[in-house]
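Below you'll find the structure, written out as structure tokens, and then a few comments.
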Amino acid sequence: MSRSHAALAALLGAALTAPLAFTAGPAHAGGQYTVTPLKFTVRAGGRGCAVDADLYRPAGVDRAHPAPAVLATNGFGGSKSDGTTDAIGKAFAERGYVSLVYSGLGFGHSGCLISLDDPRIDGETASRLVDFLGGKRSADDGTHADFVTLDAPGDPRVGMIGGSYGGAIQLATASVDHRVDALVPLVTWNDLVYSLDPNNVVGARDVPGAFKWQWTNGFYLSGESQPLTTPSLDPSRINSLACLHFVSDACATVRTLDSGSYPADRTARLLAYARSISPMTYLPRVQAPTLLVQGQADSLFNLNEATASYRTLKAQGTPTALIWQSWGHSGGITDPAAGELNLVQGNLETSYVGRRILAWFDRYLKNHNHTGTGPAFAYYRDWITDPAHTYATADRVPALSQTLYLSGDGKLVDNRAKVARGSRSYSNWLVPTSHSESSLAGTIGLPDPAPYDTPGTYLAWTGATLTRDLDVVGAPQITLKVVSPKAERTQNSGDAADKLVLFAKLYDVAPDGTQTLVHRLVAPVRVPDVTRSFTVTLPGIVHRYPAGHRLRLVVAASDDAYFGNRGIKPVTVVSAPGDTGVLRLPVTGG
């Protein structure tokens, strides 16, 4: 990692952890519920460690009058006491659920190493808390839960909810413990390889992508700083001087990514480890009904991640539904749009997503079989001003339905016959020349320059002025063939870093020429073989291109939020009516 990368990562890590100070207190009455701090001792990853939790018990709930339970833990860098996790405990206790919220392993005052929601470690730990809710074990102080609704002896009626790191833990837990009855993972991942080192080429599963260094190092430094920011740290949270606070495989993965090199042996280990702790690997073992909620404003875990999880669960018969809300890691988490879910405010009944969550738990935790759980797919539309009507619904994610062609004169045309013959070229520099985002600018309160591309380092294709609104809902795809003799000579070196890297993105161009990159999303690509055409899936979007605007497809040589090409690799794109690039869009009626 370069000095500039290390310095920025340290700043991002400090910003993530600074606001998450732990506050503790004795059990107290909250009007409608009581809160009791609890400790549990578990074995996790070969270590004995404490789990710090709070039990929210609604008034009137006892052995004779049991209630279903909700289990939740924090996002990365948080704890049971941060605003969102604490709010989950309160919100569901106020609505009659027994709530158990806890600090995930390695965070707050829980022990053990950060193991990235590994089912074998974090999932098994959460399963021990399900044991407590089912009356099979006590907390360290002898507290016993005999007031949770049971489906069978030791089998509590329990659901889980939470976001990001607190989202993937739900899938990890349900994969090892089928007693979990309902899940609501928000803004979380499907494949950590895609999340941190994305390659958007279809079918290039074993070819590493372009390292998302800002996001990854920000969270890595946040985790490594935990021993410095949490007082009275217990020894179970220390690994080694080379890897303070994470399991060793996680540190090795980050070091490989930061090196900018992908020799075959290290790449195989990176891919194997990252996928072993990714839902894509263990979703086949998840049986609990799952409501997936993903954010449109999210360059960390984009819409494609939840869509992949949704399709896997649906195909195997697990009850599931998918919502694309407005906010995600890149915007709106702390200040959601009007009418959007705000867990800190607890606006469950007054937000569309909140009502869907309540219905999901009513159906699967309270066994209200008459309760409808809503449509299979719903998505927020930011061009609708009335908060009561921002969501549209469908029985499936829209398919690719409109095709445009890349013409040799830089136009996007709607018919192959309109494609002009021609070739155009660009080349990368040794430093990044395009900007999509500063990944955590909003988190640390810094402004982020508008996206830009430097002339000579990208190619663009621009469509005709739209005569009517065009609503794109889903992940566009492009099929492309490039010519790059330098990349062709180096791509089989044995180090995947010598393959060609490029970045595809779609702009909305206003009549005055102003460009908007929707949610600053780009599709990093490491081309498996430049002698063959390849298809790229762009990040999913929900965007109206208004009448009078134009679409612009850009293929750029670099992006400063990612690692790029090793060496200078000029690229040429050739177009002819019978052989040219193709852009496919998922277009809806509104």
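Every number in this text was worked out from the coordinates using simple rules, so none of it is lab data. All figures in this text were calculated on a predicted structure; none of them were measured in a lab. For neighbour counting, all protein chains shown are included, and Cβ atoms are generated from backbone atoms with ideal geometry for every residue, glycine included.
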May I ask you to compute the full-extension gain from Ala464 to Gln287, defined as 0.36 nm times their residue separation minus their alpha-carbon distance, rounded to one decimal in nm? 59.0 nm
With everything on Cα atoms, drop me the angle between helix 352-364 and the longest principal axis of the chain, reported from 0 to 90° to the nearest 10. 50 degrees
Starting with the highest mean, order 447-453, 49-55, 432-438, 570-576 by the number of other Cβ atoms within 10 Å, averaged over the residues of each peptide. 49-55, 432-438, 570-576, 447-453
Once both labels are modelled 7 Å past Cα along the beta-carbon direction, what's the Asn415-Gln32 spacing in nm? 6.2 nm
For helix 213-224, report the angle its Cα long axis makes with the longest principal axis of the Cα atoms of the chain; keep it between 0 and 90° and round to the nearest 10°. 20 degrees
Compute the length gained on full extension between Asn492 and Asp382: take 0.36 nm times their separation in residues and subtract their Cα-Cα distance, giving the result in nm to one decimal. 35.1 nm
Classified through the alpha carbon gyration tensor (a ≥ b ≥ c as square roots of its eigenvalues; rounded if a/c is under 1.5, else prolate when a/b is larger than b/c, else oblate), the stretch 303-368 comes out oblate
Label-point separation, Thr531 to Arg424 (7 Å along Cα→Cβ), nm: 2.8 nm
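Using the Cα gyration tensor of the chain, with a ≥ b ≥ c the square roots of its eigenvalues, what is the shape: rounded (a/c below 1.5), prolate (a/b larger than b/c) or oblate (neither)?
prolate
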Roughly speaking, what is the stretch gain from His370 to Asp234, that is 0.36 nm per residue apart minus the C-alpha to C-alpha distance, in nm to one decimal? 44.1 nm
Note the angle between two axes, namely the Cα long axis of helix 83-94 and the longest principal axis of the Cα atoms of the chain, as a number of degrees from 0 to 90, rounded to the nearest 10. 50 degrees
Can you tell me the FRET efficiency between Thr41 and Ser248 if r is taken as the Cβ-Cβ distance and R0 is 25 Å, rounded to the nearest 0.05? 0.60
Please give the peptides 143-155, 352-364 ranked by average Cβ packing (other Cβ atoms within 10 Å per residue), highest first, as a rough proxy for protection. 352-364, 143-155
Run the paramagnetic zone check for His65: 7 angstrom along Cα to Cβ, then residues of the stretch 353-373 with backbone nitrogen under 18 Å. 366
Where does the chain land at 222 nm, in deg cm²/dmol rounded to the nearest 500, when only DSSP H runs of n ≥ 4 count, each adding -39500 (n - 2.57), divided by all residues? -6500 deg cm²/dmol
With θ set to phi - 60° and the Karplus curve 6.51 cos²θ - 1.76 cosθ + 1.60, what are the ³J(HN,Hα) couplings of the stretch 290-295 in order, to the nearest whole Hz, using x for Gly and Pro? 10, 9, 8, 10, 10, x
Take the alpha carbon gyration tensor of the stretch 545-590, find the square roots of its eigenvalues, order them as a ≥ b ≥ c, and report rounded if a/c is under 1.5; if not, report prolate when a/b exceeds b/c, else oblate. oblate
